[in-house]
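Heads up: the structure comes next, in structure tokens.
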Amino acid sequence: MFLSHGRKKGRRGWQLLPYPVTLAAFSLAVAAFPLFASQRLDAAAIAALVRDALTQETAGWQEEVHIEVPPPTEADHLPPCNAVAPELPSEWQRLRGRIVVTVRCLHPSSWTLHIPATVRRFGTYYVAARPLRHGARITAEDLLAQRGERTQMAEDLIDDPSEAIDKVLRVSIAAGQPIRRSWLSSPIVIRQGQEVRIIQEGPGFRVEGRAQALNRAAVGDPVRVRLANGQTVTGTAIADGIVRLAP
């Protein structure tokens, strides 16, 4: 059994509060609490601790993750320690490529190790099946699935074709180039000055009419329209030339 300690603040400052943690819960506790072991920690044990902390932190990712933590040779020359706490990079976006995890000894000695680790990310992403020009509306035939390492690639790569189909390109891209979400926009379905159909509905009623759009909008964007009586109201673009008003 391992023992993990929480903390509380009293008159004498922060105090360790022991409570049991089973081996199964080891990787859950390791990133947040000091960990007490029954034997001296060597280089292999410290590397395993860091690897478990990173594994737990990346457990919810959809990507396949490979973690490499070489045993720190300097650990064999450190004073004995049976209470350590790893500290991961503060932002999850930084858990990619080469990173550094800090390991601190809390008891009975006081030392700090900076452990290098490598987090490699693999998954599916979509590339352009052919050259695509700025302003092109993407179809399923324009997309080609690729699988490979994404460690050094942009975070916003398209990994689901539905995220790209019917979207409009903000830039021109070459065949085989990975497609990013930031390069896409929803197509404009309402144009300024356009006569649009307006729909207003609720429990037991539905009203339709015509109005003039006062701004351009994509699906889901707000649209200001001028009614036949001159009143200006705001609705939501729901399709090409159609605006829904709130009941």
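Values for this structure:
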{"read-out": "Any hit, segment 225-236, residues being in contact with a Ser or Thr (Cβ under 9 Å, 6 or more places away or on another chain) and either of a type in the set (Asp, Glu) or closer than 13 Å to Val189 by Cα (or both)", "value": "no"}
{"read-out": "Answer from Ala174, Ala164 - the residue that is assigned by TED's automatic domain parsing to the domain that holds Arg133 and surrounded by fewer than 17 Cβ atoms within 10 Å (Cβ to Cβ)", "value": "Ala174"}
{"read-out": "Sole residue being in contact (Cβ under 8 Å) with a residue 24 or more places away in the chain and out of contact with any Lys or Arg (no Cβ under 9 Å at 6 or more places or on another chain), chosen from Gln152, Gln177", "value": "Gln177"}
{"read-out": "Only listed residue being closer than 26 Å to Arg96 by Cα and exposed (fewer than 13 other Cβ atoms within 10 Å of the Cβ), chosen from Arg133, Arg137, Arg181, Arg147", "value": "Arg147"}
{"read-out": "Which numbered condition His134 misses (of (1) in a strand (DSSP E or B); (2) outside the structural domain of Ala43 (by TED's automatic domain parsing))", "value": "(1)"}
{"read-out": "Options Glu141, Glu155, Glu68, Glu74: the member that is in the same structural domain as Ala48 (by TED's automatic domain parsing), over 15 Å from Arg51 (Cα atoms) and charged (D, E, K, R)", "value": "Glu74"}
{"read-out": "Filter result for Val189 (over 30 Å from Arg130 (Cβ atoms), under 32 Å from the mean Cα position of the chain (by Cα) and surrounded by 14 or more Cβ atoms within 10 Å (Cβ to Cβ))", "value": "no"}
{"read-out": "Val189 in contact (Cβ under 8 Å) with a residue 40 or more places away in the chain and closer than 28 Å to Ile165 by Cβ", "value": "yes"}
{"read-out": "Residue ranges of strands (runs of 3 or more DSSP E) in segment 41-111 with at least 3 members touching a residue at least 40 places away in the same chain (Cβ under 8 Å) and crowded, with 19+ Cβ neighbours inside 10 Å", "value": "81-87"}
{"read-out": "Among (1) surrounded by 13 or more Cβ atoms within 10 Å (Cβ to Cβ); (2) among the basic types (Lys, Arg); (3) in contact (Cβ under 8 Å) with a residue 24 or more places away in the chain - the single one Arg224 does not satisfy", "value": "(3)"}
{"read-out": "Failed item in (1) in contact with a strand residue (DSSP E or B) (Cβ under 9 Å, 6 or more places away or on another chain); (2) under 30 Å from Thr58 (Cβ atoms), with Ile190 passing the rest", "value": "(2)"}
{"read-out": "Flag for Glu195 being in the same structural domain as Ala217 (by TED's automatic domain parsing), more than 26 Å from the chain's Cα centre (by Cα), surrounded by fewer than 13 Cβ atoms within 10 Å (Cβ to Cβ) and modelled with pLDDT of 95 or more", "value": "yes"}
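The values are calculated or read from the model by the stated rules, or taken from the named source; none is laboratory data. Treat the numbers as computed from the prediction; the structure is a model and nothing was measured. Note that we place each Cβ from the backbone using ideal geometry, even for glycine, and neighbour counts take in every protein chain shown.
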